[in-house]
Amino acid sequence: MRRTAVPNILRLIYRNVVVNTDPGSLIILIGLPAMYLVFFGYGFQSLAAAGGSSSVYLSYLAPGIMAFQVVMAGTVGGSMLWADRRWGMLSQLLVGPFTRLQYLLGIMLTSMLFGLGGASVMLAVAYVLIGTGPTQLLAFAVMYASITVGSIFFGALMLFISALVKSNTAYNSIQILLIFIVNFASTVFYPLSHRLPLALRILFEVNPLTYVANAVRGAYSGSLSAWDVYEMLILCAETAVILFLAVRSYMRSDVSFE
Amino acid sequence: MAIGSSAAVLPRNDGSGPVISAEDIRHTYDRRHYALDGVSFTVRRGEVFGLLGRNGAGKSTLIKAMTTLITPTSGSLRILGRDPVHDGQGIRRRIGVVQQGESFDFTTVQGNLDIYGLLWGIPRAERRLRRERLLERFGLGDVRKRRAFDLSGGQKRRVQVAREFMHDMEILFLDEPTVGLDVIMRRTLLDSVRDEVRRGLTVVFTTHNLEEADYLCDRVAVIDEGRFLLVDTVENLKRLYGGRKTIDLTVGDGDADRFFSALSGRLGDRATVTPSGGSAVILTDDPKEALSRIAELSQTMGVQLEWLTVRKNTLEDVFLRSVRHGGEANGGP
């Protein structure tokens, strides 16, 4: 990469953060998962207690909500590209001193930054609500590495979709549907049960968010297994594929809004 | 005073060769129809080069090709001595582009200028200096804290143009920059561009407004259906008509078509009659004779003359004639 590429990408990241951090976006990005953590955490904890379970649901949910940040970050990435097309800034930036790839990397890295930032906020909220949390450096390293890979995966996925879709309504509909399915067909809120119907179980097991949630939860609770590591390796491979597809479709896409 | 910066003052038309050189450029979006169909031209440093043409004539496609947004299907194009296909970024670092469509970041007017300056790597202190200068120059001080999207059409246009001057450049591409501007702001913008041109900036300028082209451009190209019909200095194009004058004529109730047809026959090769409804534009070397024929014929045919003026040719006449007659601006009827 050329010498000027790094400052160019840093400038683009700065611009993406400044342009996309209005209060409304922050509420959705941070506020919504935090509300999940509070309402679902306390609500389902009561239910679990009523059923005689001794487990602490909040401790289960907190790492799940941290993992959920990767989906939120991905949607921010897709929305940034979409908004830049919609408001004419994509073509304006691409007649500026940047390459298409630098622009794309700028968005990907901004998504990642939002993912890591959001997960950190969730971790802090979890500390406050639960009163305890991970302390080992390795646990933090695994959690943040998982969130980094997950953010890149979902960022690339949303970029891929936003490069292909031609209408704002279609993009928003796909985004809402995708968030719902990815979120609730994963181990973010509940563990994978063998009593689930087979089709649903497969959906859980192939959902990349499940891999991120399992890895973060394993690190958070100090119970990281070889299976979690194996899942993360699969996620890395999937991320490479989706990243390739996103870059290819974006490089070929028309930069003007239609 | 330069609007943007302290860029080095370059001599105008310094003979250092063309900064834009295009040879037989063709571009098709659908493999059937050519948006650009064999365009060749050069632009010298410090020159203001105007592209005149109707909607869909190929102006914006040509701008997109020159600013590296699209790769021409065939032909040779060099911008600042570089090949856009292989060194697009090297070109983009040295040009500025004001596109036809709106383009803003979702922030305030001054935020838009600031972020844009930052993207171009302008240091903070210099950025602030340029921003303040530009806000004042383009009359945007009062709306600096309003979101760019909330502004009126003319104000938005001013923001877009002002924003481009946040960075240094060697060539500025202006794609219909004055659309929506009032007379005063239009003149402010054109004068600002002129100031920069005096300091060595090269400008490629597309417009529908031929008065603007007359005011600003050194040379103009008339483009239609992807082809250049004429490329010359404004003065030469006007001179193409020699001593010709234009007569604008409107006739009252009666058979206007028959009248103009008869008039065209009477004037023969000495004039060109271009009718449009009840009016016609007549180009002639001998306005006295044409006037006498018009008077004579109107009496004979009982057609009332409602409006008649004789004037010098304008760039608009050149443009209309070249587009209607496929580049034969100096040709006969």
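List of remarks:
- Computed over chain B, relative contact order equals 20 percent, with contacts defined as Cα pairs under 8 Å that lie 6+ residues apart.
- Take the Cα of B:ALA295, step 7 Å toward its Cβ, do the same at B:TYR29, and the gap between the two points is 5.3 nm.
- Rounded to the nearest 10 degrees, the angle from helix A:226-252 to the longest Cα principal axis of chain A is 20 degrees.
- By the rule of a C-alpha distance below 30 Å, with chain neighbours fewer than 8 residues away ignored, the lysines paired with B:LYS59 are A:LYS166, B:LYS156, B:LYS238, B:LYS245, B:LYS312.
- Sequence-distant contacts, meaning Cα pairs under 8 Å at least 6 residues apart, place the relative contact order of segment B:127-247 at 18 percent.
- Evaluated at q = 0.08, 0.11, 0.17 Å⁻¹, the base-10 log of the normalised Debye intensity for chain A, with identical point scatterers placed on the Cα atoms, takes the values -0.32, -0.60, -1.31.
- FRET efficiency estimate (nearest 0.05) - Cβ-Cβ, B:ARG187 to B:SER279, R0 30 angstrom: 0.50
- Put in line by how crowded their Cβ is, counting other Cβ atoms within 10 Å and starting with the fewest, A:ILE65, A:ILE147 read A:ILE147, A:ILE65.
- With each label modelled as a point 7 angstrom along the Cα→C-beta vector, the B:GLN304-B:GLU211 pair spans 3.1 nm.
- For B:GLY117, neighbours were defined as the other residues whose beta-carbon sits under 13 Å from its Cβ, and their charges (Lys and Arg +1, Asp and Glu -1) total +3.
- Sorted by Cβ density within 10 Å, fewest first, the residues B:SER40, B:SER298: B:SER40, B:SER298
- Sequence-ordered 3J(HN,Hα) estimates for segment A:160-167 from the Karplus curve with 6.51, -1.76 and 1.60 and θ = phi - 60° stand at 4, 5, 5, 6, 8, 6, 9, 10 Hz, glycine and proline given as x.
- When only alpha carbons are used to place a centre, segment B:109-140 and segment B:57-80 end up 29 Å from one another.
- Radius 14 Å from Cβ of B:ILE223, net charge of other residues (Lys, Arg +1; Asp, Glu -1): 0
- Using alpha-carbon coordinates, inclination of helix B:287-301 to the longest axis of chain B, degrees: 50 degrees
- When restricted to Cα atoms, segment A:121-258 yields an Rg and a Dmax of 17.0, 51 Å, respectively.
- Whole-angstrom gap from segment B:176-195 to segment B:243-293, using each part's C-alpha centre: 36 Å
- Ratio of the Cα radius of gyration of chain B to 2.2 N^0.38 Å, where N counts its residues: 1.16
- Percent RCO, i.e. relative contact order, over segment B:242-312, from Cα pairs under 8 Å lying at least 6 residues apart: 50 percent
- Whole-Hz Karplus values for segment A:146-151 come out as 5, 5, 4, 5, x, 5 Hz, taken residue by residue from phi with 6.51 cos²θ - 1.76 cosθ + 1.60 and θ = phi - 60°; glycine and proline positions read x.
- Within chain A, helix-based [θ] at 222 nm, where runs of 4 or more DSSP H residues each add -39,500 (n - 2.57), nearest 500: -25500 deg cm²/dmol
- Summing +1 for each Lys or Arg and -1 for each Asp or Glu among the other residues whose beta-carbon sits under 15 angstrom from that of A:VAL216 gives -1.
- Inter-site label distance for B:ASP269 and A:TYR190 at 7 Å from Cα along Cβ, in nm: 9.4 nm
- Cα long-axis angle, helix A:208-221 against chain A (0 to 90 degrees, to the nearest 10): 50 degrees
- Here the 3J(HN,Hα) profile of segment A:122-134, calculated from phi with Karplus coefficients 6.51, -1.76 and 1.60 at θ = phi - 60°, is 5, 4, 5, 4, 4, 4, 5, 6, 9, x, 8, x, x Hz, Gly and Pro shown as x.
- Nonlocal amide H pairs with B:VAL204, under 5 Å, H built at 1.01 Å: B:PHE49, B:LEU172, B:PHE173, B:LEU174
Since every read-out is calculated from the coordinates, none of them should be taken as a lab result. A quick note: this is a predicted structure, and the numbers were derived from the prediction, not measured. Counting neighbours? That spans all protein chains shown, and the Cβs are built from the backbone with ideal geometry, glycine included.
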